[in-house]
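**Student:** For reference, the structure I am asking about is given below.
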Amino acid sequence: MSSRPADLLIARAVRRGGPWLAALAATALLGAAADLLLPAALGRAVDAVVRIQARAGAGAEAGFGLTGPLTTAALLVALVVACDALGVLAAGVSGARAARWLRSRVVAHTLSVGAGMTRHFTPGEIVTRAGVNVEEAGRTPEAVVTAATLIVPAAGSVVALALIDPWLAVTLVAGLLLIVAVLRAFMRRTTAASGGYQQAQGEIAGMLVGALAGARTITAAGTEDREAARVLAPLPRLRAHGLALWRLQARAGVQAAVVVPLLEIAVLAVGGLRLSAGGLTVGELLAAARYVVLGAGLGSALGYAARIARARSAAQRLEQLFAVPPPAYGDRPLPPGPGTLELRDVTVRADGVRLLSGVSLVVPGGTCTAVVGRSGSGKSSLAAVAGRLVDPERGAVLLDGVPLREIAREPLRRAVGYAFERPALFGETLGEAVAFGLGVRDAAGERGADAVRAAAAAARADAFIRRLPLGYATPVGEAPMSGGEIQRVGLARAFAQAGRLLILDDAMSSLDTVTERQVGRALTGSLSDRTRLVVAHRVTTAAQADQVVWLENGRIRATGTHERLWDDPGYRAVFRAEEAS
């Protein structure tokens with residue numbers, strides 16, 4: 001991808017350094033100015049010593065003539081030290097502010113894209129970019145400001161040498177051009193090598209996260225060594241890119257190490273010739289020697305150039321995340337309605353695979369529809385597109401006559417409640433986990449607490465939550481829950497949130513038969529005022545629905561009541577296959 005968006009991202013991150021960035025720039029410039037003035041002060045001190053020796057017998061007056069230059073030099077040294085100390089603090093704080101801004105943007109964008117992000121990047125890859133790559137890009141303010149301020153002593157040294165003797169300035173400029181050429185080549189090659197290194201890092205992290213998710217399976221199968229080898233398969237590439245980075249830095253370091261001493265020797269040689277010809281004083285030669293050291297200090301930008309190169313590569317990886325667009329919401333409110341759901345010629349693809357093909361369906365408001373089919377038939381895709389977790393490639397999905405794309409975010413998410421097979425529980429306590437998604441206003445107060453308890457009761461979660469010592473105030477991480485109990489909390493959250501449409505994507509698979517029937521009665525009883533779309537794997541769930549949608553290979557094979565479809569042997573075979581699996 002083009003590096004321009006990455007460079008713009010770095011520029012925005014640099015600006016987020018705030019006042020500390022200004023402090024860093026000010027201390028760097030002030031320190032550079034003090035460095036430029038110091039050689040002149042030292043040169044005047046040396047010339048004063050020479051004059052003292054030439055004027056024998058003028059002790060008091062000579063001492064007074066030396067005091068001024070020495071005091072000036074001491075003050076300049078103190079200023080340089082103070083600027084360095086403050087600069088370290090400012091660099092750390094500005095870098096932390098830049099990293100915080102970048103990480104906030106990455107996390108907010110990733111969550112706004114939602115499940116669509118994991119279609120492009122593995123969870124481990126996303127975490128690596130939000131962690132390691134953000135930290136690398138966050139160091140940009142210090143690197144950019146410090147590298148930029150190195151130009152000040154280099155340019156100032158050229159001007160100072162031009163004032164002392166033009167030939168000295170010409171010699172320094174020739175050497176600086178060589179140093180700039182080395183830095184440009186190093187920057188270009190390091191950016192490319194850093195990208196490969198960071199890519200290998202992300203691949204290892206992605207496979208490690210996947211392996212950790214299946215750690216119990218790996219242990220049970222005794223395949224730890226094989227999985228470790230798979231996770232670490234990119235390690236040779238990581239090593240190769242790492243060695244390439246070190247070689248680039250070493251080569252550039254050697255080149256700079258050769259150019260800088262040669263430059264200093266060349267300037268001193270020219271200065272020596274000018275001194276012997278009477279064109280320079282001893283103090284001016286000393287000042288010239290110091291100025292060439294300051295000017296050649298541009299070579300020390302090598303380390304900062306490496307940081308900037310890694311930051312640019314990291315920023316390119318962050319821009320790849322930002323390139324995945326979040327779903328765009330409209331601004332239309334939902335009109336009053338019973339929650340009628342309609343799919344019109346809906347087609348869904350993922351990674352070139354067609355998951356749904358030309359699906360048209362109407363779920364009348366206030367009814368319960370069960371979606372059945374063999375594994376891979378498109379049931380979860382239908383559930384995802386029904387509540388706009390996924391947008392169809394073609395076709396439209398409407399809720400009470402309004403296309404989901406045109407509905408504003410807040411009314412859509414208040415209207416639709418989701419429950420999943422493996423729910424993730426958010427919030428500090430179980431009460432907050434059930435109320436998650438309601439919003440602060442809806443969850444606050446006794447009315448909100450009553451709604452939470454009612455939803456938990458419908459999901460058959462209220463009883464086991466109350467048995468805990470802290471009840472609904474039990475921290476989520478400390479609640480000893482089975483897989484079925486976690487599913488019930490997830491169901492309760494969906495029941496509490498769903499205003500019109502309730503979508504259950506295999507959300508009762510871990511429930512025992514008795515509990516499933518109890519939840520099923522709630523779906524047809526206290527929750528009957530909402531439209532319900534239930535991905536069903538059991539006959540009992542399908543039998544309780546008002547209508548059944550039978551999917552096969554991403555298409556609707558048949559719709560109707562469970563009793564009517566039961567006459568079809570293929571329909572009965574769906575449930576036998578589910579029970580066998």
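The values are calculated or read from the model by the stated rules, or taken from the named source; none is laboratory data. Owing to the predicted nature of the structure, the values given are computational and were not obtained by experimental measurement. Here the Cβ is made from the backbone with ideal geometry for all residues, glycine too, and neighbour counts use every protein chain on show. When the accessible area is computed, the model is the full protein with side chains, heavy atoms only, and any ligands, DNA or RNA have been set aside. Shrake-Rupley method; radii C 1.70, N 1.55, O 1.52, S 1.80 Å.
**Student:** Measure nothing fancy, just the Cα-based angle from helix 301-322's long axis to the longest principal axis of the chain, in degrees from 0 to 90, nearest 10.
**Tutor:** Roughly 20 degrees between the two axes.
**Student:** For helix 569-580, report the angle its Cα long axis makes with the longest principal axis of the Cα atoms of the chain; keep it between 0 and 90° and round to the nearest 10°.
**Tutor:** With rounding to tens, the tilt is 50 degrees.
**Student:** Here's a follow-up. Between Val173 and Ile151, what is the label-point separation in nm under the 7 Å Cα-to-beta-carbon projection?
**Tutor:** Each label point is offset 7 Å from its Cα along the Cβ direction, giving 1.7 nm.
**Student:** Which value in deg cm²/dmol, rounded to the nearest 500, describes the helix-derived mean residue ellipticity at 222 nm for the chain, given -39,500 (n - 2.57) per DSSP H run of n ≥ 4 and division by the residue count?
**Tutor:** -21500 deg cm²/dmol, from helical runs alone.
**Student:** Leaving out ligands and nucleic acids, and using a 1.4 Å probe, what accessible area per residue does the chain come to in Å²?
**Tutor:** For the chain, the per-residue accessible area is 48 Å².
**Student:** Work out the charge dipole of the chain with +1 on the Cβ of Lys and Arg and -1 on the Cβ of Asp and Glu about the Cα centre, then indicate which of Gln547, Leu243, Pro569 is farthest towards its positive end.
**Tutor:** Of the listed residues, the answer is Leu243.
**Student:** Right, something else. Could you state the angle between the C-alpha long axis of helix 18-54 and the longest principal axis of the C-alpha atoms of the chain, as a value from 0 to 90 degrees rounded to the nearest 10?
**Tutor:** Here the helix axis deviates by roughly 10 degrees.
**Student:** Say the dipole of the range 169-241 comes from +1 at the beta carbon of Lys and Arg and -1 at that of Asp and Glu; which of Gly195, Leu212, Thr171 then lies farthest toward its positive end?
**Tutor:** Final value for the positive-end residue is Thr171.
**Student:** Also: Can you give me the P(r) profile for the chain? Cα pairs, bins 20 angstrom wide beginning at 0, each as a whole percent.
**Tutor:** 16, 35, 24, 15, 8, 1, 0
**Student:** Under the Karplus relation 6.51 cos²θ - 1.76 cosθ + 1.60, θ = phi - 60°, what is the ordered set of whole-Hz ³J(HN,Hα) values for the range 205-215, x standing for Gly and Pro?
**Tutor:** So the J values, rounded to whole Hz, are 4, x, 6, 5, 4, x, 5, 5, 5, x, 4.
**Student:** Which value results for Rg/Rh of the range 406-533 when Rg is the Cα radius of gyration and Rh the Kirkwood radius based on the inverse mean 1/r?
**Tutor:** Rg divided by Rh gives 0.94.
**Student:** Hey, another quick one. Where the accessible area of the chain is counted over protein heavy atoms with a 1.4 Å probe, how much of it, in %, is carbon and sulfur?
**Tutor:** The C+S portion of the solvent-accessible surface of the chain is 61 percent.
**Student:** Right, another one. Step through the residues of the range 474-488 one at a time and calculate ³J(HN,Hα) from phi using the Karplus curve (6.51 cos²θ - 1.76 cosθ + 1.60, θ = phi - 60°), rounding each to whole Hz and writing x for Gly and Pro.
**Tutor:** Rounded to whole hertz, the list is 5, x, 4, x, 9, 8, x, 10, 7, x, x, 5, 4, 4, 5.
**Student:** Under 5 Å between amide hydrogens, which residues at least 5 positions from Cys368 or on another chain qualify, with H placed 1.01 Å from N in the peptide plane?
**Tutor:** Result for Cys368 returns Arg532, Asp546, Gln547.
**Student:** In addition: Magnitude of the Cβ-charge dipole of the range 142-256, K/R +1 and D/E -1, about the Cα centre, nearest 20 debye?
**Tutor:** So the dipole magnitude of the range 142-256 works out to roughly 320 debye.
**Student:** Further question: Between Ala386, Ala33, Leu343, whose Cα lies farthest towards the positive end of the dipole of the chain when Lys and Arg beta carbons carry +1 and Asp and Glu beta carbons carry -1, centred on the Cα centre?
**Tutor:** Ala33
**Student:** Determine the dipole magnitude for the chain: charges of +1 sit on the beta-carbon of Lys and Arg, -1 on that of Asp and Glu, nothing else is charged, the reference point is the Cα centre, and the result goes in debye to the nearest 20.
**Tutor:** Computed about the Cα centre, the dipole is about 620 debye.
**Student:** Magnitude of the Cβ-charge dipole of the range 366-493, K/R +1 and D/E -1, about the Cα centre, nearest 20 debye?
**Tutor:** Its charge dipole is roughly 280 debye.
**Student:** Still on this structure, please answer the following. When the Karplus curve 6.51 cos²θ - 1.76 cosθ + 1.60 is applied with θ = phi - 60°, which whole-Hz ³J(HN,Hα) does each residue of the range 416-424 get, with x for Gly and Pro?
**Tutor:** 10, x, 10, 10, 10, 5, 10, x, 9
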